[in-house]
1. Under 14 Å from the Cα of LYS377, which aspartates and glutamates turn up, not counting those fewer than eight places away in the same chain?
2. Just name one of TYR83, ILE309, MET188: the one whose Cα is farthest towards the positive end of the charge dipole of the chain (beta-carbon charges, Lys/Arg +1, Asp/Glu -1).
3. Which FRET efficiency value, to the nearest 0.05, do you get for ASN312 and THR429 by plugging their Cβ-Cβ distance into 1/(1 + (r/R0)^6) with R0 = 41 Å?
4. Give, in nm to one decimal, the length gained when the segment between ILE178 and LEU70 is fully stretched (0.36 nm per residue of separation minus the Cα-Cα distance).
5. Give the Kirkwood hydrodynamic radius (Å, one decimal) of segment 18-261, defined as one over the mean of 1/r across all pairs of different Cα atoms.
6. Suppose R0 equals 60 Å; then what is the FRET efficiency for TRP84 and LYS445 from their Cβ-Cβ distance, rounded to the nearest 0.05?
7. Going by average Cβ neighbours within 10 Å, how do the peptides 104-116, 313-325 rank, with the highest at the top?
8. Go from 0 up to the bin containing the longest alpha carbon distance in the chain, width 20 Å each, and give me the % of pairs per bin.
Amino acid sequence: MLLKKKGQKMREKPRENCAIFGVTCDDLGYSVSKLLYQGLIALQHRGQESTGISILKTGGKIFTYKKNGLVSKVLEDKIISQYWGNVGIGHNRYATTGAVGYKSTDYMQPFHFKNNEIEFSMAFNGTIANFDEIKKNMDNMGRVFITDTDTEVMAQLIGSIALGTEDWPEILRLASRILDGSYSLILMTADGDIYAMRDPLGFKPLCIGELKSEQRNIYFVASESCAIDVVGGKLLRDVKPGEIVHLSHQKDIHSELIIKTNKTAICQFEYVYFARPDSVIDGVSVAEARLRLGMHLAKNDPILNNHEIRENAIVVPVPDSGRGVAVGYAKEANLPYEEGLMKNRYVHRTFIMPGQLKRKIAVKEKLNPIKNVVNGKDIILLDDSIVRGTTTQQIVSLLKEKGGAKRVHLRISCPPIISPCYMGIDFPTKNELIAGRFRNLYGEKYLEEIQKKIGPDTLLYQTIDGLTNAIGKNKNQLCLACLTGNYPLKSVQKLAELEKSIVKSRA
Ligand code: SF4
């Protein structure tokens, strides 16, 4: 899980690896499957490889349907009408673990656990860092696993604990003591209860909402609040780090804080890139955070004091990821915002083509500079992050060579990414991260070397203070591990140190 597996794709942008959505309704004659469909569609950006739902049918039987593909392809009308029940959970998956067998339904979620004594279905977003160790212990106890995923390890662990007690909050509390990782989890029991749990550091977002009418009360749990908006619900609040929330179609919502911490580690990348701008995560609007990220860059940008550049400058986003920050930058700098790059929405697989030449062709197919806009201009180009650097290099060269830009000033809303993520985000290794590699090679001069390699006339990254201020949370509330190399989980810190020593020995 923590190392790249055979068959895993080489992407330019880091990928989130899942979305979860659950619904419970007190009207036994009402089916929640259409709501599951709508919620999962709203969360499609978090995972596009497979879709799955589990529905509790009247009489206490759980039925699960999952398949490779987007929500709209998998949950066709006939499936929606066939899977009929008043409680259900759903999942969108982007595989980081078990990539070799990712086409098998065994690797998809929800994970439907069933033996003679117990039945439940669960779905989660995250990564269990110590899953190998837990699996080994359970193997020794005679447990048989059908996959090599942390999802199954988690389900088997919960299933084992459930043999000793029927108290679900207690089962989850005990499981959370053993699990070391980042996880937001939803679990549906055969009694029709949904439990939502967020890990003690709160890496992954999770929120609850409601939709009340005279006919029925509906409760939701979702990875992001945009899904609750889309189904017409009202966001109630975030699930707190370390909290278990019980959503019951009979008893409304109950909560239990299992682990209280004064430190959290909410993934900063949710605000920078992953989450939909119309979501609110832990009280912060993602759209507003991106706007402030752009404004902060402009406030600290020395080129805005250069009269010649300023007179000739336009602010251009890399579509779509740079738009929010570009608007903020243009507003603060009082410069025109222009769409200078046209994106072809029908080219879907640009960044997974192997080889430099193929990737170069693919970028040209996907992005084209709008000459009338960029020709002769000083382009202040905004993007959210630089990962490998190869695509950014292509975009800079397209703007200059094909678009005729006079100069390109690259502005990045995320500070340099120097270390991989071991908390569930699909990142390249340290050696493939341009900032990680160049920092090892060139020390303090690494940013100048990145600029030379990628080719803009000037380059400015966000600072870590700029990032935390824009998000409106402090360093004790956010995970910044990919920017600092300091990991909030003990088992992950060890692994990171091991990789660091391998990179050093290769440098
Ligand atoms: S290492 Fe980076 S991408 Fe991973 S959880 Fe932390 S902030 Fe998010």
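The values are calculated or read from the model by the stated rules, or taken from the named source; none is laboratory data. The model shown is predicted, which means the values in this text are computed figures rather than measured ones. All Cβ positions, even for glycine, are placed from backbone atoms using ideal geometry, and neighbour counts span all protein chains on display. In case anyone asks, the SASA skips ligands and DNA or RNA and just uses the protein heavy atoms, side chains included. Shrake-Rupley method; radii C 1.70, N 1.55, O 1.52, S 1.80 Å.
1. Filter leaves GLU308, GLU311, GLU338, GLU339, GLU401, ASP457.
2. Result: ILE309.
3. Step by step, r from the Cβ atoms, then E = 0.55.
4. 35.6 nm
5. 17.5 Å
6. Approximately 0.45, to the nearest 0.05.
7. Answer by packing, highest mean first, reads 313-325, 104-116.
8. Binned Cα distances yield the sequence 23, 54, 22, 1.
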